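Below: the structure, in structure tokens.
Please treat every number below as a calculation from the coordinates, not as lab data. Because the structure is predicted, anything quoted here is derived from the model rather than measured. Here the Cβ is made from the backbone with ideal geometry for all residues, glycine too, and neighbour counts use every protein chain on show.
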Amino acid sequence: MSEEVIPPGKIKCFITGKLRKDTAEERVRQDVSRSLVKEYGYDKSDIDIEFPIKMGRAKKRADIVIFSENADHTQENIYLIAEVKTEDIKPSDRKEGVYQLESYIAASPNTIFALWVGNERLAFKVVEEKP
């Protein structure tokens with residue numbers, strides 16, 4: 001059995017196995033990713049990290065995206081979007097708060113669930129409102 005050496009300033013991604021920059025937000029993302037797999041039973045193969053969400057002409061990266069089981073990793077197949085922040089960010093923060101997550105959901109109409117993790121942990125079921 002060989003040992004893997006992770007360089008200083010890096011953290012190994014639980015989902016992809018790739019090395020990522022070791023930041024406070026990255027540590028939260030890795031905790032959430034691990035929880036989604038080990039506690040909630042999602043398969044690593046159905047999860048993507050920093051998945052690009054097309055929003056008009058722009059693309060924004062969602063921290064964690066879970067796709068419908070065994071589906072192609074496309075925006076149309078997103079089942080759950082998780083936005084992860086450090087503990088000091090509140091859901092009401094204008095730039096980094098829940099509004100950011102809402103914009104990702106609006107651009108991904110088949111999303112069923114959303115998580116916002118920061119100063120608080122919030123879970124949402126996406127409901128389409130009829131006019």
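Between residues in region 80-102 that are over 25 Å from residue 45 (Cα atoms) and residues that are part of a helix (DSSP H, G or I) and not hydroxyl-bearing (Ser, Thr, Tyr), which pairs lie under 7 Å by C-beta distance while being six or more apart or on different chains?
86/24; 86/25; 86/28; 91/98
If you go through region 77-102 one residue at a time, how many are surrounded by fewer than 16 Cβ atoms within 10 Å (Cβ to Cβ) and either among the hydroxyl-bearing types (Ser, Thr, Tyr) or touching a helix residue (DSSP H, G or I) at 6+ places or on another chain (Cβ under 7 Å) (or both)?
Looking only at that region, the number is 3.
Please specify each residue of region 26-65 satisfying the condition of being closer than 18 Å to residue 98 by Cα and either aliphatic (A, V, I, L, M) or in a loop (DSSP other than H, G, I, E, B) (or both).
Listed by number, the residues that qualify are 28, 32, 53, 55, 62, 64, 65.
Could you please find all residues in region 12-38 being over 19 Å from residue 67 (Cβ atoms) and not basic (Lys, Arg)?
19, 22, 23, 24, 25, 26, 28, 30, 31
Looking only at region 53-69, filter to residues that are in contact with a strand residue (DSSP E or B) (Cβ under 8 Å, 6 or more places away or on another chain) and free of Cβ contacts under 8 Å to residues at least 12 places away in the same chain; which one of those is farthest from residue 20 (Cα to Cα)?
Taking the candidates together, the pick is 59.
How many of the residues in region 27-57 are of a type in the set (D, E, K, R) and over 19 Å from residue 117 (Cα atoms)?
5
Out of region 1-55, which residues are farther than 25 Å from residue 89 by Cβ and exposed (fewer than 10 other Cβ atoms within 10 Å of the Cβ)?
If the condition is that a residue be farther than 25 Å from residue 89 by Cβ and exposed (fewer than 10 other Cβ atoms within 10 Å of the Cβ), then 1, 2, 3, 4, 5, 7, 8, 17, 41 are the ones that fit.
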